[in-house]
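**Q** Right, I'll just put the structure down here and ask away after.
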């Protein structure tokens, strides 16, 4: 039986009416391959919805995967994109990018996963870019399917840009699925809805089961889950606020430049307005973690 991780609840002022459940990072689980962050929010009735003003990222890719609702993305490289369920928004921050997000009126519920991928040393300072993918490959397992939104699973390869070997897929389970996992990857399966078991163990909604390198995965029941996996990411990183660097001084420099709104951070117009200042740093030296 793999390790089952229960998320911690997070309250964000930018998403005041949205329930945020953070599976990692937390002491029980820091990362899965290059996946270093997973928030699962909703399903929540759209009272105030989601409104996140302009904020920065460095050294990572943001992966946004909606199950319900509509969201608009705008960023400092000029992207404007409405995101619908079963479509992928992928933003590669590289040396630095800023963006905003706002939910759109219409659908009654908002429900999505927000994930980060750490960029390896060879790619973490590249020029930022954005991509959107509406057509994604699907693997069929009888009455069950896996939609591969990033990386590869079996014969299905997503067109999304990746910098380390990995997989991200939505599993729509009706019956049993014997997943064709890469035996050099570690994996995690997050139950999004329904009643599901992994390798014979029941996993509750919002919980994630971690599977070490080489472990198989048979998923059964009726529901929806997220599959995440990748080769173990062995680089040490410092992750603070929206930045991923390699040492304390990098984080300090990015924070100061962002809060001073220096020319590195291109401005753009959106319907949210304003920008989110970086918080105060802790009174300790941030240490790299493996």
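**Q** With each pseudo-label sitting 7 Å past Cα toward Cβ, what's the residue 135-residue 108 distance in nm, one decimal?
**A** 3.3 nm
**Q** Treat the count of other C-beta atoms within 10 Å as a stand-in for reagent exposure and order 275, 254 from fewest to most.
**A** So the residues, fewest neighbours to most, are 275, 254.
**Q** List the relative contact order of the chain as a percent without decimals, with contacts defined as Cα pairs under 8 Å and 6+ residues apart.
**A** 19 percent
**Q** What does the highest-first list of 118-130, 261-273, 238-250 look like by mean Cβ count within 10 Å?
**A** Packing proxy ranking, top to bottom: 238-250, 118-130, 261-273.
**Q** Please state the Cα pair-distance histogram of segment 207-290 with 5 angstrom bins from zero: what percent is in each bin?
**A** For segment 207-290, the pair-distance distribution reads 3, 10, 16, 14, 11, 11, 14, 11, 8, 4, 0.
**Q** Let me ask something else. How high is the FRET efficiency between residue 9 and residue 241 when r is their beta carbon distance and R₀ equals 22 Å, given to the nearest 0.05?
**A** That gives a FRET efficiency of 0.70.
**Q** Suppose R0 equals 51 Å; then what is the FRET efficiency for residue 95 and residue 45 from their Cβ-Cβ distance, rounded to the nearest 0.05?
**A** Using R0 = 51 Å, I get an efficiency of 0.85.
**Q** Continuing with the same structure: For residue 268 and residue 256, compute 0.36 nm times the residue count separating them, minus their Cα-Cα distance, and round to one decimal in nm.
**A** Extending this stretch completely gives an extra 2.3 nm.
**Q** Say R0 is 22 Å: what FRET efficiency, to the nearest 0.05, do residue 29 and residue 178 get from their beta-carbon distance?
**A** Given R0 = 22 Å and the Cβ-Cβ separation, E is 0.35.
**Q** Can you sort 193, 201, 23 from fewest to most other Cβ atoms within 10 Å of each residue's own Cβ?
**A** Exposure proxy ranking, most exposed first: 201, 193, 23.
**Q** So what is Rg over Rh here for the chain, counting just Cα atoms and using Kirkwood for Rh?
**A** Expressed as Rg/Rh, it is 0.95.
**Q** For segment 272-287, list residues with backbone N below 20 Å from a point placed 7 Å from the Cα of residue 249 toward its Cβ?
**A** Answer for this model: 281-287.
**Q** Ranking 19, 183, 75 by Cβ neighbours within 10 Å, fewest first, what do you get?
**A** 183, 19, 75
**Q** Rounded to whole Å, give me the distance from the Cα center of segment 114-170 to that of segment 265-287.
**A** 27 Å
**Q** While we're on this one: Take the alpha-carbon centre of segment 34-71, take the same for segment 96-113, and report the distance between them in whole Å.
**A** Result: 6 Å between the Cα centres.
**Q** On full extension of the chain, what length is gained from residue 145 through residue 68, given 0.36 nm per residue of separation minus the C-alpha to C-alpha distance?
**A** 25.9 nm
All of the numbers you see were taken from the coordinates with simple rules; none came from a lab. Predicted model, so just to flag it, every value in this text is computed and none were measured. As a convention, Cβ positions derive from the backbone with ideal geometry for all residues, glycine included, and neighbour counts pool all protein chains shown.
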